[in-house]
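A.B. asks: What follows is a structure written as structure tokens; I'll ask about it next.
The values are calculated or read from the model by the stated rules, or taken from the named source; none is laboratory data. Note that this is a predicted model, so its numbers are computed, not measured. Methodologically, a virtual Cβ is constructed for each residue, glycine included, from the backbone with ideal geometry; neighbour enumeration extends over all protein chains shown. Note: accessible area is taken over every heavy atom of the protein model, side chains too, but ligands, DNA and RNA are not part of it. Shrake-Rupley method; radii C 1.70, N 1.55, O 1.52, S 1.80 Å.
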Amino acid sequence: MFGMMRDEAAGSPAPRPRMSVIGTGYLGATHAAAMAELGFDVVGVDTDPAKVEALSAGRVPFYEPGLEELIARHLATGRLRFTTDLTEAVAVSDIHFVCVGTPQQTGSHAADLRFVESAVAGVARALSHDGVVVGKSTVPVGTAARLRELLGALAPEGVAAELIWNPEFLREGKAVEDTLHPDRVVIGGASPGAASAMREVYAAPIAEGTPFLTVGLETAELVKVSANAFLATKISFINAIAELCTAADADVSTLADAIGLDGRIGRRFLDAGLGFGGGCLPKDIRALMHRAGELGALEVVGLMQQVDEINMAQRQRVVEMALSACGGSVLNARIGVLGAAFKPLTDDVRDSPALNVAAALHLRGAQVTVFDPAAGETAHRTFPTLSFADGIRDALVDAHVVLLLTEWHEFLDADPVALGETVRTRTIIDARNKLDAARWSAAGWTVIGLGTGVTRPVAAPLGVPAVELLV
Ligand code: UGA
């Protein structure tokens, strides 16, 4: 089947496999560019002509550091191009990566598999020669086996096609780095020929020492989902401990530093605060709950439910902290919100805790003004009724309380003295526990963290009374 990749008998250098990448969102666009960077000829396919047009012109329709440069470089080398024509892309490729989205279904916790099914069916029908279909999307366990049957049923007679699974672990904001230098490569359900083709694809990371694991099809699907479930559990664990810290007058950040020094625990993903959001962790733990329920694995259902509940409660907690800081009601209070994206270095506002809190306060009658360095536009499209500012100062004018909801560097580096002159009351709720509270309190601010207590103003600057707030 993989004769087109190896021509050792003839003694000529083996031609490199050519690739199609179906779906050009965060995952697909990054994967396509990364494969071109690794030296392969790649064609990215999307059903959205506007996306294809933008990418073909070297414009990335979302914010992802480093991606635009990488795409521009390989449009120029000629190794990368984009099209809406799946049949043509499949005809010129040997390996077909499926990178389409698997969002949460409306009205259910289950994953919506329509896009992944239609991508595999489309590739199958378009196959003109042997090839490998490589699923990268995050799917409920058991999906790949069904897709394998679909591929077998739809592939033209005489064409040998194999479906394997190669889950992706990239983080938004670090997508390029994670794709070029992954922590591990997991290949599920591959025949020896397909496994060796994948070793060739990932030769560069493997040479850097990246572990290459060949596992069963179902294990590969579950590795991805379990990794996200574990990360989500870590975050909800520390947020539960943060509640305890508040009740017991302890400091959750110092506690996380201390327990994180234990190699078995590790410090990463132990930042207490507003909790997780985005297009991955929330929908992945819900899809896992749903699938585990179908399979009768009820402990997983219970655990993930608890993780989800703790996470969502953090948003409510911050809303209540804002209410309390404004004396019990936010009606007509001016609230300056720093951050709309679900995390820094992205303009993604899907299930963003920041936007959720901003909207909840707006619905309670507050005059909320939001600033985000990258996500202003996407946030405005999602919540057109919120006010958006062009800079930190604009968002904070006359604010009764300020909420730091996404820990962008420019917020952490902002000058608390200058900002103190803009607001009405120097109170900031640091919902990510990332501010230098001593620096802010020295400038007359009350800093309220989640599980880190309240840091009161050290001294009021001349002419401005220090404000003691009820918390
Ligand atoms: C996540 C995983 O980290 C990736 O490995 C995975 O490939 C990706 O989902 C996916 O399934 O595609 P991502 O959604 O980009 O990546 O975001 P993360 O960096 O994991 O952050 C998720 C959320 O957790 C953010 O809202 C962040 O603010 C929050 N978080 C993170 C915390 O609240 N505390 C922490 O200590 C760490």
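A.B. asks: How are the C-alpha pair distances of the range 315-455 spread across 10 Å bins, as whole percents from the shortest bin up?
C.D. replies: All Cα pairs, binned at 10 Å, distribute as 13, 50, 34, 3 percent.
A.B. asks: Then there is this: What trypsin sites (Lys or Arg not before Pro) does the range 58-117 have in DSSP loop regions with at most 14 other beta carbons within 10 Å?
C.D. replies: Those that pass, being in a loop and sparsely packed, are Arg59.
A.B. asks: What list of ³J(HN,Hα) values in whole Hz, one per residue of the range 106-112 in order, does the Karplus curve 6.51 cos²θ - 1.76 cosθ + 1.60 (θ = phi - 60°) give from phi, with Gly and Pro shown as x?
C.D. replies: Along the range 106-112, the couplings run 5, x, 7, 7, 6, 7, 8 Hz.
A.B. asks: Give, as a single signed number, the net charge of other residues whose beta carbon lies under 11 Å from the beta carbon of Ala242, with Lys and Arg counted +1 and Asp and Glu -1.
C.D. replies: Around Ala242, the charge tally is -2.
A.B. asks: Could you rank the peptides 120-128, 191-199 by their average count of other C-beta atoms within 10 Å per residue, with the highest value first?
C.D. replies: Details: 120-128: 20.2, 191-199: 17.0.
Answer by packing, highest mean first, reads 120-128, 191-199.
A.B. asks: Next question. Name the residue farthest towards the positive end of the dipole of the chain from the options Thr346, Thr446, Val60, assuming +1 on Cβ of Lys and Arg, -1 on Cβ of Asp and Glu, about the Cα centre.
C.D. replies: Sorting the options by dipole projection puts first Thr446.
A.B. asks: Something else about it: Could you grab the relative contact order for the chain? Cα pairs under 8 Å, six or more apart, rounded to a whole percent.
C.D. replies: Reported as a whole number, the value is 11 percent.
A.B. asks: Sticking with this structure for a sec: Could you tell me which residue out of Ala359, Leu404, Gly327 lies farthest along the dipole of the chain toward its positive end? Charges go on the beta carbon: Lys and Arg +1, Asp and Glu -1, centred on the Cα centre.
C.D. replies: Farthest towards the positive pole: Gly327.
A.B. asks: Please name whichever of Thr24, Phe115, Ala240 sits farthest to the positive end of the charge dipole of the chain, dipole taken about the Cα centre and charges placed at Cβ: Lys and Arg +1, Asp and Glu -1.
C.D. replies: Value computed over the given set: Ala240.
A.B. asks: Determine the calculated [θ] at 222 nm for the chain from helices alone, applying -39500 (n - 2.57) to every DSSP H run no shorter than 4 residues and normalising by the residue count; nearest 500 deg cm²/dmol. Mind dumping the intermediate values first?
C.D. replies: Numbers: 19 runs with 205 residues, N = 471.
When only DSSP H runs of four or more count, the value is -13000 deg cm²/dmol.
A.B. asks: Note down, for the chain, the three equivalent ellipsoid semi-axes (square root of 5 times each alpha carbon gyration tensor eigenvalue), biggest first, whole angstrom.
C.D. replies: In descending order, the three semi-axes are 46, 23, 20 Å.
A.B. asks: Spelling out what I want: for every residue of the range 390-404, take phi, set θ = phi - 60°, compute 6.51 cos²θ - 1.76 cosθ + 1.60 (Karplus), and round to whole Hz; glycine and proline get x.
C.D. replies: 8, x, 4, 4, 4, 6, 9, 4, 6, 5, 7, 8, 10, 10, 9
A.B. asks: Cβ under 10 Å from Gly66's Cβ, Gly66 left aside: what net charge do those residues give with Lys, Arg +1 and Asp, Glu -1?
C.D. replies: -3
A.B. asks: May I ask for the angle, rounded to the nearest 10°, between helix 26-37 and the longest principal axis of the chain, with both axes built from Cα atoms and the value confined to 0 to 90°?
C.D. replies: Between helix and principal axis, roughly 60 degrees.
A.B. asks: Continuing with the same structure: Calculate how steeply helix 353-363 sits against the longest principal axis of the alpha-carbon atoms of the chain, using the helix alpha-carbon long axis, and give the answer as 0 to 90 degrees to the nearest 10.
C.D. replies: 50
A.B. asks: Out of the trypsin sites (Lys or Arg not before Pro) in the range 217-284, which ones are loop residues according to DSSP with at most 13 other C-beta atoms within 10 Å?
C.D. replies: Passing sites in the range 217-284 are Arg264, Arg267, Arg268.
A.B. asks: Can you give me the accessible area per residue for the chain, using a 1.4 Å probe, in Å²?
C.D. replies: Accessible area per residue, the chain: 42 Å².
A.B. asks: Rounded, prolate or oblate, given the Cα gyration tensor of the range 225-314, with a/c below 1.5 counting as rounded?
C.D. replies: Verdict is prolate for the range 225-314.
A.B. asks: Right, next: How far is helix 192-201 tilted off the main Cα axis of the chain, in degrees rounded to 10, range 0 to 90?
C.D. replies: 50
A.B. asks: Follow-up question, since we're still on this one. Shape verdict for the range 6-215, please, from the Cα gyration tensor: rounded (a/c under 1.5), prolate (a/b greater than b/c) or oblate.
C.D. replies: In terms of gyration-tensor shape, rounded.
A.B. asks: While we're on this one: Let me confirm the definition first: pairs of Lys residues in the chain, 8 or more apart or on different chains, C-alpha distance under 22 Å. How many are there?
C.D. replies: Eligible lysine pairs with Cα atoms under 22 Å apart amount to 18.
A.B. asks: Here's another thing I want to ask about it. What number comes out for the charge environment of Arg286, summing +1 per Lys or Arg and -1 per Asp or Glu over other residues with Cβ under 14 Å away?
C.D. replies: Numbers: positive: Lys283, Arg291, Arg350; negative: Asp112, Asp284, Glu294, Asp308, Glu309, Asp351.
Taking every Cβ under 14 Å from that of Arg286, the sum is -3.
A.B. asks: Roughly how many percent of the accessible protein surface of the chain is carbon and sulfur, given a 1.4 Å probe and a whole-percent answer? Could you put the intermediate results ahead of the total?
C.D. replies: Details: 10980 of 19760 Å².
After summing per-atom areas, the C and S share lands at 56 percent.
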